[in-house]
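One structure below.
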Amino acid sequence: MADVAPRIVVAGSANMDLVGIAARLPLPGETVLGDDFMMTPGGKGANQAIAAARAGGSCTFLGAIGSDAFGVTVKARLNASGVDTSNMRTSYGSSGVAVIMVDHAGENSIMVSPGANSTFAGLSAAETTVIAEGDVLLCQQEIPVETVLAASRAAREGGTRTILNAAPARHLPPELLAVVDLLVVNESEAEAITGSAEPRMAELLALVPRVVLTLSGKGSWYADRDGADERIPAFEVDVVDTTAAGDAFTGALAVAWGEGRDMIDAIRWANAAGAACVRKVGASNALPSRADIDAIYARG
Ligand code: ADP
């Protein structure tokens with residue numbers, strides 16, 4: 001581990017995932033009997049904050065929970081994972097909730113109610129300071145785009161590097177792209193941005209200076225405006241559940257980049273984090289520790 005843990009600031013969403021499992025998904029207007037139920041803190045922001053903390057980062061989460069019991073549980077989960085929540089907001093009303101139905105074939109239907117996440121707007125002086133004092137700011141797209149823009153601008157002014165994980169795919173305004181140092185997208189997000197099913201790195205590089213395209217079981221592809229263009233293969237593992245692989249990858253990448261590792265090596269290490277995650281069932285509970293990541297990375 002580096003002598004001083006890099007300071008990772010995640011500005012993003014926090015949700016409670018309510019997961020019901022049934023033999024089949026209900027049709028509109030229909031009720032089916034389920035056979036299992038789980039409640040797990042989630043949201044891409046919270047998941048990536050937990051991923052970064054477990055990977056060895058000194059991680060601060062900026063975002064909003066509601067005034068309900070879900071918010072209390074989500075906050076406890078972040079704290080138990082070593083994430084600093086002292087600047088997290090509580091807004092009166094519902095926390096973000098994802099209602100997820102899964103059938104026995106693994107097919108799902110998901111409804112996300114953003115709740116408090118949509119109230120995360122207008123950065124305070126304290127939030128701006130936290131961002132400016134960080135090594136890496138990590139954002140996703142489950143909070144208002146104006147907040148992602150404000151956070152990224154605060155990072156640029158403070159000399160903090162910004163990673164944007166453009167998930168879920170949404171419109172990316174040019175003024176936001178102008179302050180992003182590294183874009184991380186999977187294949188479907190790249191398709192939504194470029195309008196092409198064939199990954200078009202050149203089009204992505206026209207938007208931002210550095211791009212990581214994650215390719216699931218095929219690893220990752222890195223390219224930048226200085227001419228780097230490299231595929232970094234995935235680590236072979238027994239795949240059990242690919243949920244949250246992207247969150248594990250992105251959180252670990254923020255830590256490795258914050259530690260000053262060379263980008264290709266940082267991506268290899270993040271690939272190890274993604275591989276460690278897919279060996280376990282679940283989302284935030286499947287996010288790997290630094291030791292888990294190192295063990296897979298050491299395979300070479
Ligand atoms: P997302 O979850 O955002 O769709 P990916 O599926 O591309 O993201 O996964 C992120 C990273 O996790 C990949 O770049 C890869 O390093 C790792 N990963 C994902 N699936 C596998 C797999 N089946 N085997 C090994 N590594 C994987």
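No other residue among Gly246, Gly227 is more than 21 Å from Ala166 (Cβ to Cβ), at pLDDT 95 or above and either more than 15 Å from the chain's Cα centre (by Cα) or small (Gly, Ala, Ser) (or both) apart from Gly227. Scanning the stretch 231-243 for residues that are touching a Ser or Thr at 6+ places or on another chain (Cβ under 9 Å) and either open to solvent by less than 60 Å² (accessible area, probe 1.4 Å) or part of a strand (DSSP E or B) (or both) yields Arg231, Ile232, Ala234. Of the numbered criteria (1) within 12 Å of Leu164 (Cβ to Cβ); (2) among the hydroxyl-bearing types (Ser, Thr, Tyr); (3) over 17 Å from the mean Cα position of the chain (by Cα), the one Ser152 fails is (3). Screening Ile267 against (1) within 29 Å of Leu18 (Cα to Cα); (2) open to solvent by less than 40 Å² (accessible area, probe 1.4 Å); (3) within 12 Å of the ligand (Cβ to nearest atom) leaves a single unmet condition, (1).
Under the condition of being crowded, with 24+ Cβ neighbours inside 10 Å and farther than 20 Å from Val9 by Cα, the residues counted in the stretch 244-264 number 0.
Ala254 falls short of the stated requirement of being near the ligand (Cβ under 10 Å from one of its atoms) and either assigned to a helix (DSSP H, G or I) or without any contact (Cβ under 8 Å) to a residue 40 or more places away in the chain (or both).
I want to confirm something. Restricting to the stretch 257-280 and keeping residues that are in a helix (DSSP H, G or I) and among the charged types (D, E, K, R), which single residue is nearest to Arg54 (Cα to Cα)? Full working, then the answer.
First, pick out the residues of the stretch 257-280 that are in a helix (DSSP H, G or I): 257-258, 263-278.
Subset that is among the charged types (D, E, K, R): 265, 268.
Numbers: Asp265: 19, Arg268: 17 Å.
Out of the qualifying residues, it is Arg268.
Those strands (runs of 3 or more DSSP E) of the stretch 1-77 in which 3 or more residues are open to solvent by 10 Å² or more (accessible area, probe 1.4 Å) and farther than 24 Å from Asp294 by Cα occupy 15-22, 34-42. Report yes if Leu137 is buried (at least 23 other Cβ atoms within 10 Å of the Cβ) and either part of a loop (DSSP other than H, G, I, E, B) or not aromatic (Phe, Trp, Tyr) (or both), otherwise no. For Leu137, the condition - buried (at least 23 other Cβ atoms within 10 Å of the Cβ) and either part of a loop (DSSP other than H, G, I, E, B) or not aromatic (Phe, Trp, Tyr) (or both) - is met. All conditions but one from (1) at pLDDT 95 or above; (2) out of contact with any strand residue (DSSP E or B) (no Cβ under 6 Å at 6 or more places or on another chain); (3) surrounded by 15 or more Cβ atoms within 10 Å (Cβ to Cβ) apply to Ser220; the one that does not is (2).
The values are calculated or read from the model by the stated rules, or taken from the named source; none is laboratory data. Everything quoted here is computed from the prediction, not taken from an experiment. Please note: Cβ atoms are built from the backbone with ideal geometry, for glycine as well, and neighbour counts cover all protein chains shown. Protein only, heavy atoms only, side chains kept; ligands, DNA and RNA dropped before computing areas. Shrake-Rupley method; radii C 1.70, N 1.55, O 1.52, S 1.80 Å.
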